[in-house]
Every structure is written in C-alpha cells, then in structure tokens.
Amino acid sequence: MQENEFRLGQRVHSAGDPWRIGTVRYLGPVQGYSGSWVGVDWDSEDAKHDGSINGVRYFQAKSERSGSFFRTHNLSSGISLIEALRLRYQGETTEEEEDEMYVLSASNKRVSIQLLGKEKIQDKLSRFEELTGASLSFLGVSSPGFSGDTGSLLPNLKELDLTGNLLSDWKDVGTICKELPMLQALNLSYNLMAPDIVELPQLKNIRILVLNHTGVNWTKVEILKTSLPAIEELHLMGNSISTIDPPASFTVQGFDSLRLLNLEDNSIADWKEIIKLSLLRSLEQLHLNKNNLSCISYPDHDMLDEQTDKPFQNLRCLLLGNNNLEDLASIDTLNLFPKLVDIRLSDNPVADPGRGGIPRFVLIARLAKVEVLNGSEVRPRERKESEIRVLAYAHKNEGMCLAGLDEESEELYLGTLRKFSWYIRLVMSKMQGSPEDIQRLHPRFLELKSFHGIEDEKPSSGGTGPQKMASGFLSIILKCVGASIGEKPLLTKKLPGTTTVGKLKILCESFFKLKSVKLKLYLQEEGSPFPILLDDEMASLIDVGVGNESTILVDEES
C-alpha cells in the first residue's frame with residue numbers, strides 16, 4: 001500500500017497481525033532515514049518511543065512506549081466485513097489454527113484434538129443465509145463492503161461480534177445495521193470510534209449494543225440514544241467515563257426499554273452521577289464494578305425535582321465490586337432500593353475483614369432483601385444463621401433471654417456465643433451498649449430481635465454464663481502452621497482471658513518445645529476469610545476477640 005493510501009487518524013494493524021492495532025499519527029520522512037514512513041500510536045504500550053526520534057518530535061503518542069514508525073508495506077488498512085466473513089467461515093483452517101486446538105493433559109502437556117464432524121460444521125457455517133450469529137473479532141474489518149451485498153448474504157443474522165477491528169466511522173456502523181434488518185445484538189468493543197456521530201440512521205431492531213473500550217463518553221451516549229429506540233442492554237466498560245451529563249435535565253431521560261446498563265471499569269467517583277440514572281423506569285441491572293465510588297445514598301425529593309416515580313423503582317441487580325466503599329451507612333442504604341435483591345460488594349474495604357470490614361454473615365443480616373450476594377445465593381438457612389449470629393453479641397454484652405427461639409435456633413445462638421465472632425469484637429470496640437449506639441450500628445437490630453423472638457432481660461447478678469467469660473478461663477485450640485516447626489498435634493489449653501498475646505507466645509514455645517523461633521499468632525474464626533494477626537503483645541486474649549473454643553494459629557516470622 002502506498003503512503004497516500006493512508007490518512008491521519010486512520011486505524012491500522014500490523015501486517016500479518018490483526019491483534020496489533022493502532023492509529024496513524026504521522027505521514028512523511030524521518031530525519032536520518034530514507035523514504036517515507038508512517039508513524040503509528042499503538043493501542044498497546046509495547047512499541048519503541050513516544051513519537052520522537054533523535055530529539056525530533058513527529059507526533060505525540062499517548063505513552064512513552066506506544067509509538068513507532070513503519071514502512072507502508074508492513075501495515076494493513078484492513079478488509080471489508082464481507083471479506084472477513086468469507087475468511088472466517090469459508091476459508092480452510094490454517095496450520096496455526098490447527099495448532100491452537102489442544103487440551104492439557106494431567107502432566108500439563110498439550111494434546112492435539114480433532115473435531116468430529118468438522119466438515120459438516122464448516123459446511124453449515126459456510127451457508128451464510130442460514131447464519132444467525134457471526135463472530136468476526138480481530139480480523140481487521142475496516143468497512144462494511146459494497147452497499148447491498150451484506151444484507152443479501154446474511155438475511156437472518158441476529159448477532160454480530162466485531163470486537164477488535166478497525167472500524168471508527170459511525171456511518172459505517174449505520175450501514176452495517178441498515179443492511180442487516182434482523183440484527184439485534186452488535187458488539188463493537190475495542191474499535192476506537194470517532195468523536196463525531198454523524199449519519200447514523202434509526203437502528204430500530206438493535207436490542208443489545210456493546211461499546212466497551214471504544215472511547216465513548218456519556219455525551220455520545222445521549223446522541224446515540226435517539227438512534228436506539230428499542231435498546232435493552234448497553235455496555236460501556238473501560239471508557240474512562242467519570243460524569244453522566246444529560247443535556248436538558250438533572251436525570252437521564254428516555255431509554256424507555258433499557259434493562260441493563262454496564263458502566264464497569266470506568267472512573268465514576270461521585271454517587272450523584274449514579275443518581276442521574278435513578279428515573280430510568282425499566283432499569284433492572286446496573287453494573288458499577290471497578291469504579292471509584294466511596295459511598296452510596298438513596299435519592300430524596302430535594303435531589304430529584306422532577307420526580308414522579310420511585311427512584312430505581314425496578315432495579316434488581318446492583319454490582320459494586322472493587323470500589324472504595326468503607327462505611328456501614330452505605331450498606332444500610334441498599335435496603336431503601338425497592339426491588340434490589342442481587343448485590344455485589346466484594347473487594348471493597350467495608351466488605352473485606354482483612355481491611356477492617358465486615359464478613360459475609362453480617363452483610364446478609366444488614367441487607368434485609370438480598371437473595372444473591374457476591375454472586376452466591378443466600379438461602380433461607382444462611383439468612384437465619386447470619387441474623388442470629390449478629391444478635392448473639394447482645395447476649396454477651398447486655399443480657400437477653402431466649403424466649404421464642406426454637407431448639408435449632410437456640411443451639412445456633414449459644415454456639416455463636418461460644419465462638420466470639422469477629423463481628424462481636426468490632427461492635428464491642430465501637431459501642432458502649434446504649435440503645436442509641438446499638439440502633440446506629442445496627443439499623444435492623446430491633447427488627448431482628450422481634451422476628452427471632454429474643455427478649456431483653458437484666459444481666460444476672462451471679463456472674464455466670466457469658467458474662468463470666470471475660471474474667472474466667474478460655475478453652476483455646478493451638479495449631480502449629482510454621483514450615484520449620486514441623487508437624488505438631490493440636491493442643492487444647494485453658495488460659496485466663498487476661499493472658500496477653502506476648503505471654504501466649506512464650507507459653508507456645510514451652511507447649512511445643514520450640515527453640516530459637518520467633519513466633520507470630522493468628523486468630524482463625526468462622527466468618528472471616530483470613531486469619532487475623534495478633535500483633536499487639538500487650539493486649540489480652542479478651543481484648544483481641546479470642547473466645548471459648550477459638551483456634552489460634554502458631555506461625556513463625558519469615
């Protein structure tokens with residue numbers, strides 16, 4: 001291809017490698033080198049420079065190592081959609097593709113496989129008129145092809161995957177959709193789309209549009225909205241979206257059929273931006289994993305002047321994993337969403353006991369309606385156990401009777417007291433037992449007490465039961481896990497609750513006959529995914545939350 005067949009801003013890929021994609025940023029000579037060159041800013045950052053050579057800048061690459069210069073014959077401007085179809089579905093399987101068809105044996109060796117009935121499958125796929133779905137990812141598609149050809153070849157196509165190609169002009173997208181009247185789902189991920197959306201017709205049949213990593217911001221989404229009257233799913237991952245900017249009001253209008261909106265892996269930090277989506281009446285799923293959100297609130301009348309419906313009235317699924325949520329108030333706010341039953345909170349500080357957060361059973365107890373938490377179903381038994389475990393600390397702290405509990409619940413309730421949970425330690429460290437403090441820390445506390453039939457009573461004066469545990473003896477299990485310590489049998493010891501962590505380390509050296517080993521102790525508890533390091537040598541066992549029948553892991557300093 002000659003230099004004049006390339007243009008600035010054009011998407012290209014390395015000849016012979018359609019997975020290596022970039023944008024033309026320079027055309028012309030380079031000092032010290034003969035002939036003409038094409039300067040490319042690659043999507044990946046595995047090139048040579050930032051657009052300058054020997055102190056001369058030819059273009060500004062997006063990073064220090066994403067730019068390079070190529071001869072024209074080493075670049076490709078792509079092929080048409082029709083050519084890609086024939087290449088993918090009518091071409092013979094290449095030797096490279098055959099080599100990639102393998103499974104791993106038990107010894108992790110590649111074992112080649114042969115597809116039974118391959119010829120029959122290829123014959124069926126090669127009959128384009130029967131195709132209802134086509135995947136043309138990373139084939140270098142840069143244009144639709146000649147007008148009219150696509151529709152006649154693919155009259156029944158409903159799903160088209162064009163991930164990782166060279167498309168950038170919205171006019172070409174409109175042409176493809178117009179010529180495929182049955183098309184309902186289109187994936188344009190990893191095509192860097194042009195900033196201007198022009199000549200885009202009504203895409204009346206498109207139900208699912210995937211625009212992940214395409215450079216689309218919310219302003220473009222508002223423009224696209226007018227061409228997508230029937231859109232039900234819109235995926236916008238990885239587009240660095242930080243704000244949602246409706247053109248004429250505070251909240252987003254339209255999108256009457258939108259059920260799923262995927263905004264994962266963006267840069268949204270302010271929950272007020274999410275509130276702008278609260279009046280999308282059909283919205284059932286909102287994906288917000290991997291953003292920068294630090295708190296959640298439910299919108300009130302003051303925030304939504306034009307409010308006529310309940311905010312988020314049909315939202316059933318809210319994914320908030322891998323954000324910066326830290327406060328329990330945000331967790332409790334989720335109870336205000338009318339139909340919310342599927343929630344993801346993993347990889348947030350508030351839901352990570354290793355970072356000072358609360359374990360799964362506490363989340364379940366605080367979230368009254370949740371049916372799926374972090375992708376795992378919350379069954380009725382798990383909910384009952386979780387709620388009773390959360391209530392159990394009150395028996396220890398202020399005295400309660402078990403009136404109304406069935407035998408199974410009573411056994412669970414008292415079992416929780418015997419294993420002072422991580423959550424009990426959290427509560428005891430933050431409150432003095434006043435009703436106001438309890439209600440502040442546990443908005444569902446009174447509701448759960450009533451539901452499970454637990455009544456208050458004054459602590460007994462005899463100092464028996466759980467009240468005595470703090471000043472009495474604790475039965476603890478010691479388990480050696482250090483690599484150099486070797487296998488040791490489990491030991492069960494009764495120690496005063498006032499024993500310090502430092503004193504316990506000295507005792508462990510004696511119990512296990514250890515010499516010249518510097519020890520670390522961990523508290524292992526049900527409900528906490530990771531053991532908790534006991535690093536305050538002056539703290540007592542009671543202070544750090546060790547209870548009756550707790551397990552202490554005895555490890556060595558690395």
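Checking each residue in segment 207-217 for being surrounded by fewer than 19 Cβ atoms within 10 Å (Cβ to Cβ) and either outside any loop (DSSP other than H, G, I, E, B) or free of Cβ contacts under 8 Å to residues at least 24 places away in the same chain (or both) picks out only Ile208.
Of all the numbered requirements in (1) buried (at least 21 other Cβ atoms within 10 Å of the Cβ); (2) small (Gly, Ala, Ser); (3) part of a loop (DSSP other than H, G, I, E, B), Gly321 misses one, and that requirement is (1). Right, Gly51: at pLDDT below 95, in contact with a Leu (Cβ under 6 Å, 6 or more places away or on another chain), open to solvent by less than 50 Å² (accessible area, probe 1.4 Å) and within 26 Å of Gly215 (Cβ to Cβ) or not? So Gly51 does not fit the description; no.
Out of Ile424, Ile438, one residue alone is within 21 Å of Ile542 (Cβ to Cβ), at pLDDT below 50 and not assigned by the TED database to the domain that holds Lys290. It is Ile424.
Is at least one residue of segment 150-162 in contact with a helix residue (DSSP H, G or I) (Cβ under 8 Å, 6 or more places away or on another chain), closer than 18 Å to Val210 by Cα and among the β-branched types (Val, Ile, Thr)? No, that holds for no residue.
Among the residues of segment 28-48, what is the count of those that are part of a loop (DSSP other than H, G, I, E, B) and either surrounded by 12 or more Cβ atoms within 10 Å (Cβ to Cβ) or in the same structural domain as Tyr190 (by the TED database) (or both)?
Summing the residues that are part of a loop (DSSP other than H, G, I, E, B) and either surrounded by 12 or more Cβ atoms within 10 Å (Cβ to Cβ) or in the same structural domain as Tyr190 (by the TED database) (or both) in segment 28-48 gives 5.
Condition test on Leu373, is it of a type outside the set (Asp, Glu), in contact with a helix residue (DSSP H, G or I) (Cβ under 9 Å, 6 or more places away or on another chain) and open to solvent by 10 Å² or more (accessible area, probe 1.4 Å)?
Answer is no for this residue.
Listed here are the residues, each with its yes/no results for (1) open to solvent by 20 Å² or more (accessible area, probe 1.4 Å); (2) under 22 Å from Ile197 (Cα atoms).
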residue: Lys225; (1), (2): yes, yes
residue: Glu233; (1), (2): yes, yes
residue: Thr243; (1), (2): yes, yes
residue: Pro247; (1), (2): yes, yes
residue: Val252; (1), (2): no, yes
residue: Phe255; (1), (2): no, yes
residue: Ile268; (1), (2): no, no
residue: Lys276; (1), (2): yes, no
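Scanning segment 475-501 for residues that are surrounded by 15 or more Cβ atoms within 10 Å (Cβ to Cβ) and either under 17 Å from Asp555 (Cβ atoms) or not assigned by the TED database to the domain that holds Gly545 (or both) yields Ile476, Leu478, Lys479, Cys480, Gly482, Ile485, Lys488, Leu491, Val501. Every condition in (1) open to solvent by less than 60 Å² (accessible area, probe 1.4 Å); (2) out of contact with any Gly (no Cβ under 7 Å at 6 or more places or on another chain); (3) assigned to a loop (DSSP other than H, G, I, E, B) holds for Ile542 except the one numbered (2).
How many residues are at pLDDT below 70, aliphatic (A, V, I, L, M) and in a strand (DSSP E or B) when one looks only at segment 366-407? Summing the residues that are at pLDDT below 70, aliphatic (A, V, I, L, M) and in a strand (DSSP E or B) in segment 366-407 gives 1. Restricting segment 56-75 to residues that are under 17 Å from Gly28 (Cα atoms) and among the polar types (S, T, N, Q), the residue that is least open to solvent (accessible area, probe 1.4 Å) is Ser68.
Among the listed residues Asp327, Asp332, which satisfies the condition of being out of contact with any Lys or Arg (no Cβ under 8 Å at 6 or more places or on another chain) and open to solvent by 10 Å² or more (accessible area, probe 1.4 Å)?
Asp327
Annotation for segment 248-263: at least one member residue is under 23 Å from Asp43 (Cα atoms) and either without any contact (Cβ under 8 Å) to a residue 60 or more places away in the chain or not assigned by the TED database to the domain that holds Leu319 (or both). Going through segment 239-277 one residue at a time, which ones are over 17 Å from Asn322 (Cβ atoms), of a type in the set (Val, Ile, Thr) and part of a loop (DSSP other than H, G, I, E, B)? Answer for segment 239-277, where residues must be over 17 Å from Asn322 (Cβ atoms), of a type in the set (Val, Ile, Thr) and part of a loop (DSSP other than H, G, I, E, B): Thr243, Ile244, Thr251, Val252.
Residues in segment 508-539 that are over 22 Å from Arg355 (Cβ atoms) and open to solvent by less than 40 Å² (accessible area, probe 1.4 Å): Cys508, Phe512, Leu514, Val517, Leu519. Being aromatic (Phe, Trp, Tyr) and under 35 Å from the mean Cα position of the chain (by Cα) is a condition met by no residue of segment 63-81. Scanning segment 335-363 for residues being surrounded by fewer than 19 Cβ atoms within 10 Å (Cβ to Cβ) and among the aliphatic types (A, V, I, L, M) gives a total of 2. Which of the residues belonging to segment 2-27 are in contact with a helix residue (DSSP H, G or I) (Cβ under 8 Å, 6 or more places away or on another chain) and either open to solvent by 80 Å² or more (accessible area, probe 1.4 Å) or among the charged types (D, E, K, R) (or both)? Correct list: Gln2, Glu3, Glu5. Condition (residue is out of contact with any strand residue (DSSP E or B) (no Cβ under 8 Å at 6 or more places or on another chain), in a loop (DSSP other than H, G, I, E, B), open to solvent by 60 Å² or more (accessible area, probe 1.4 Å) and of a type in the set (S, T, N, Q)) applied to segment 169-192: is it met by at least one residue? No: zero hits. Assess whether Leu320 counts as being assigned by the TED database to the domain that holds Asp347, farther than 23 Å from Ala185 by Cα and hydrophobic (A, V, I, L, M, F, W, C). Answer is yes for this residue. For segment 483-494, a residue qualifies if it is over 15 Å from Gln524 (Cα atoms) and in a loop (DSSP other than H, G, I, E, B), and the qualifying residues are Ala483, Ser484, Ile485, Gly486, Glu487, Lys488, Pro489.
The values are calculated or read from the model by the stated rules, or taken from the named source; none is laboratory data. Keep in mind that what you see is a predicted model, and the values were worked out from it rather than measured. Using ideal geometry, Cβ is built from the backbone for each residue, glycine included, and neighbour counts are taken over all protein chains shown. When the accessible area is computed, the model is the full protein with side chains, heavy atoms only, and any ligands, DNA or RNA have been set aside. Shrake-Rupley method; radii C 1.70, N 1.55, O 1.52, S 1.80 Å.
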